[in-house]
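The block underneath contains the structure these notes are about, expressed in structure tokens.
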Amino acid sequence: MFRWLFFNESALTPAEHAAWKLSALRIILMSGFVLEAAVAIHSSLDAIAVGAYQVLWVVGFFYVVLALGLYYSSRHLRAGAAILIGTVYASAFAIVCLINHYEIAKFGYIFIYTTPIIARLFFGTRLALGLMAFNVLPFLLLLLNRPLLNIPGFDITLPASNTYIQSLLFLFFNACVPLAVFRVLHELDVSALRYRQASAALEVSHAQYEEVFQNAGTALLLTDASGEILQANQLANSLLGREADDDDDRALFGWLSLDNSVRMKSPNAEESENMRMSAYRTRDGKLVALENISQTSTDHYIVALRDVSGLHSIHHALQLSLQREDYLSRHDALTNLPNRDMLRSHLQAVLANSDETKVTALVSFRLNSIRHANQQFGAHTGDILLRRFAEELSHALPKNCFCARLRSIVFSFVVENSRTPGEIIKLVEKVRNNLPKELEINGENLLIQFSAGIALVRPEDQEADDLIRRSEVALDTARRSSDQSVTLFDEEDALQIRRSVEIEVGIVNGLKQNEFRLVYQPKVDREGKIAGLEALLRWESPSLGSVAPAEFIPIAERAGLIRLISNYVMTQVCFQVRDWLNRFADCPVIALNLSATDIARNDLLQLIENCCNRYDVAASYIEFEITETGLIANEALTIHHLDELKARGFNIAIDDFGTGYSSLSKLSHFPAQSVKIDRSFVAQIGYNKKSEMIIKAIISLANILSCHTVAEGVENEAQESFLKEIGCDYFQGYYYYRPLEVSALELLLTEMPAKEAQASYQFKLA
């Protein structure tokens, strides 16, 4: 309540506040230092004249103290102010205590009365009040007319002491203190002027704010943190159905219902931002959105309202339209089944979360009888047949099967989490049996004939399109291999397909479980000495038994698994070479049979180099063979890869020569060093003159191409004699050696001189 008594320092900036204090302090100190110099000089001369030299010490002391106050005022304001207060008290008590004339000495008390003012200016109210209380003591002494204290032997009384004291009082109270007060009053005037200017500007700003607030073109509210309406413009009151002077219900959400709120996309948001806003029902049914909420510096909120009743209706209609459009874009218009795009998305999710312990498959049905319906009764009847077939297929499938229309007459469904491929085949057979054999359409009974194809999900599958492509290839193969009126899965076909599917899955698992191994069949030169080894791949499956390469290699090639087998064999070959080199200090040359798929691999050279480097195998120990058909499958890339292999020191051979369709001009471009005569010609020696003529031609051609010749499948002495007679270089077959296990082969090689063990080690998938 007494705040009006004190100067409001917060009206000034911190810089201004410090400036006037420093200025006031220096005014008092400097004015005292200068104005009172005359009194000091005159009193000092008077003291010298009468021999009162102690006066000189007192005067010097006070001037030194004033100088210290000036010095500290520029460095530490409070220190300078403290020195000033101390100087005032010291001066007062020096006059009272050191002048023996009491009537003159008591004027010293007057100096003390200025200390509360100085303390308030520089230290604050508490010290000022404390000094006011302290000054009561000297005041009581003055009333009692009693001196404060006399110091014997120390008297500074001069003849003109009264004049000096009166002069000091005059200068201090008439000059020093008033000048400091003038400085303070000047700051008060500046602050008052600034306040009046700010008030005027605030009134103008408030008027402008009212104009903007009322005519902003937007419904605006000013609320506190709890949502109480502090101010609302006319548009906001109209939108809420609220009277401008209605103070009974100030709660914003008393006018807006939270129960009927909806979420809408902001019309001002970019598509990528996808900003959402909340909209609420008013008491009269309008839908109002809180379009924007801005916090002020005083913890109030400016809320912009928007009537979105019409926008919500449009948005709802648009949402329904978009949902319909999205449904149509992902579903087939004729059957209402998911279309190819939706099937692709579903398969992509299945592949991303596939479980290797479970079997998943994509099954495709092709409605073969649609052509007859279209030709006999027209396209409209064919459409009805497709729609009815889709309905019957959906009902026949288990509920967890995702079914889609892949293309015009092809329907696909996904079977997940089966334990074995056999379960999937049984499920497809069950679905087939549950489908009707004919449907009645427009009074006509139409046969239902369809083919089926299955594509199993492999561990390395990542793209849905690859799985769809494999299912369509299987479907087309099924359609071409059987009568269109009969489903693919009759008893014989089911067994065959089941065997193929199980082999496809078994290859992957077999490679992981080390079910494959290599055995070796030596080849000999004309003297019967071992000149090479041929590796034969063997597979003993715990569930399938012994599977011949002639059965599993074509399946691996169709399923894209031949790459895994080639990687396995390349690694095993390099490992075996390194093992023999470490144990016997020598090893036959190794040859790998490259399929048409292998020779077209972009990573072929890198694979071979990595394997050789891993086991430190030189190129001179490896020979690669490729069939004549494989040579022309991708001629440019084949020549490039073979040239690179030959340049790096690997030997190249052409396998099954004479069974392909390459021309002599093409064969002349391949960098081969050996030619192998196919066993089908060797088997006809002594029985078929044409085959014998072909063998002679092959050997002649090999000589022209500067290649060695190797005869495969030599089974008897007559064949050997004929081949030696026409100049064949090397021989291989049961007549010499059967395929040998590693242990038996090592025993055979250790019984021979090391120089006879230089050979060609061939990997053959047959």
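The values are calculated or read from the model by the stated rules, or taken from the named source; none is laboratory data. Everything numeric here is computed off the predicted structure, so don't read it as measured data. So basically every Cβ, Gly included, is an ideal-geometry build from the backbone, and we count neighbours across all protein chains shown. Side chains are part of the model used for accessible areas, which takes the heavy atoms of the whole protein and leaves out ligands, DNA and RNA. Shrake-Rupley method; radii C 1.70, N 1.55, O 1.52, S 1.80 Å.
Worth pointing out:
- The portion of the accessible surface of region 165-208 made up by carbon and sulfur, rounded to a whole percent, is 68 (1.4 Å probe; DNA, RNA and ligands excluded).
- Whole-percent carbon and sulfur share, accessible surface of region 504-571, 1.4 Å: 47 percent
- Database remark: amide H of Thr218 closer than 5 angstrom to no amide H (H placed geometrically; neighbours at sequence offset of 5 or more, or on other chains; Pro and chain starts carry no H).
- The trypsin sites (Lys or Arg not before Pro) of region 374-456 meeting both criteria, a DSSP state outside H, G, I, E and B (loop) and at most 11 other C-beta atoms within 10 angstrom of the site's C-beta, are Lys399, Arg419, Lys437.
- Residue-normalised accessible area of region 290-396, expressed per residue, 1.4 Å probe, Å²: 57 Å²
- For the residues Asp655, Asp525, a 1.4 Å probe over the protein chains yields an accessible-area ranking, largest first, of Asp525, Asp655.
- The calculated FRET efficiency for Thr571 paired with Arg371, based on their beta-carbon distance and R0 = 45 Å, is about 0.35.
- Restricting the GluC sites (Glu not before Pro) of region 666-744 to loop positions (DSSP other than H, G, I, E, B) with no more than 16 neighbouring Cβ atoms within 10 Å leaves Glu715, Glu741.
- Length gained on full extension, Cys401 to Asp586: 60.7 nm, using 0.36 nm per residue less the C-alpha separation.
- Counted charge near Thr709, where neighbours are those whose Cβ lies closer than 9 Å (Asp, Glu -1; Lys, Arg +1): 0
- Net +/- balance of residues flanking Asn374 in space, Cβ distance below 15 Å, scoring K and R +1, D and E -1: +2
- Links that overshoot a 26 Å alpha carbon limit, given the list Lys358/Lys426; Lys529/Lys690; Lys523/Lys724: Lys529/Lys690
- Heavy-atom accessible area ranking, 1.4 Å probe, most first, across Thr571, Thr420, Thr298, Thr709: Thr298, Thr420, Thr571, Thr709
- Calculated FRET efficiency, Phe182 to Ile41, Cβ-Cβ distance, R0 = 25 Å: about 0.40 to the nearest 0.05.
- Taking all protein chains as they are arranged and a probe of 1.4 Å, the heavy atoms of Ile118 leave approximately 10 Å² accessible to solvent.
- At a probe radius of 1.4 angstrom, the accessible area of region 651-745 per residue rounds to 49 square angstrom.
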